[in-house]
Amino acid sequence: MLHSMTSEPEQQIGVGTPDAFQRLWTPHRMAYIQGENKPSGPEAGDGCPFCSIPAKSDEDGLVIARGSSVYAVLNLYPYNGGHLMVVPFRHVADYTELDESETAELAVFTKRAMTALRAASGAHGFNIGMNQGVSAGAGIAAHLHQHIVPRWGGDTNFMPVVGHTKVLPQLLADTRAMLADAWPRA
């Protein structure tokens, strides 16, 4: 899909010299912008990443913890370091489609995610929520998922506002290992 992308940095003549601005390139975001890992349709068999993640190892799928009805996974395109999601194993689009046990375990995993993020990274606060439907901003509307985004005092600076760049201080695999170690045991 990203044919012009390479794993090696490419020298671009004139970039950064005439205007004295430093640039941090985030080419991994282009994959999301161009629709990588998005399902082709609304059904579980249409390439839903939330349906395929549970079949992978925790490390390969960036899974932090698994329950009987839901699992916690790092967001592949995070808003902040440690941004994770709680996802039901069952392919449902709407919160009202969850049964009582799924709803309860989703709530328990949200609390555990907050506890793990506080222990592992000292998060000061959280943004927690679901986008229900494409018109509400859901990137993958066909499979319900709840976002847990850790926040710290002063974590929003000029980079995302002016530079349209999010600086993440840790590789996702390292973040996954750190949060899996800090995840509260039942």
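In sequence order, segment 49-61 has phi-based couplings of x, 6, 7, 8, 4, x, 7, 8, 5, 4, 5, 5, x Hz under the Karplus curve 6.51 cos²θ - 1.76 cosθ + 1.60, θ = phi - 60°, and Gly or Pro positions carry x.
What residue among T103, A116, S52 has its Cα farthest toward the positive end of the dipole of segment 41-132, where the charges are +1 on Lys, Arg and -1 on Asp, Glu, each on the Cβ? Checked the options; the winner is A116.
Distances between placed amide hydrogens fall under 5 Å for Y71 paired with V87, F89, all partners being 5 or more residues away or on another chain. Close amide H partners of V92, meaning residues 5 or more places away or on another chain with modelled amide H under 5 Å apart, are L144.
Once you sort the root eigenvalues of the Cα gyration tensor of segment 41-142 as a ≥ b ≥ c, which label holds: rounded (a/c under 1.5), prolate (a/b larger than b/c) or oblate (the other case)? Taking the square roots of the gyration eigenvalues as a ≥ b ≥ c, segment 41-142 is rounded.
Values quoted throughout were computed directly from the atomic coordinates according to the rules given, and no laboratory measurement underlies them. Everything quoted here is computed from the prediction, not taken from an experiment. Reconstructed Cβ throughout: ideal geometry from the backbone, glycine too, with neighbour counts over all protein chains shown.
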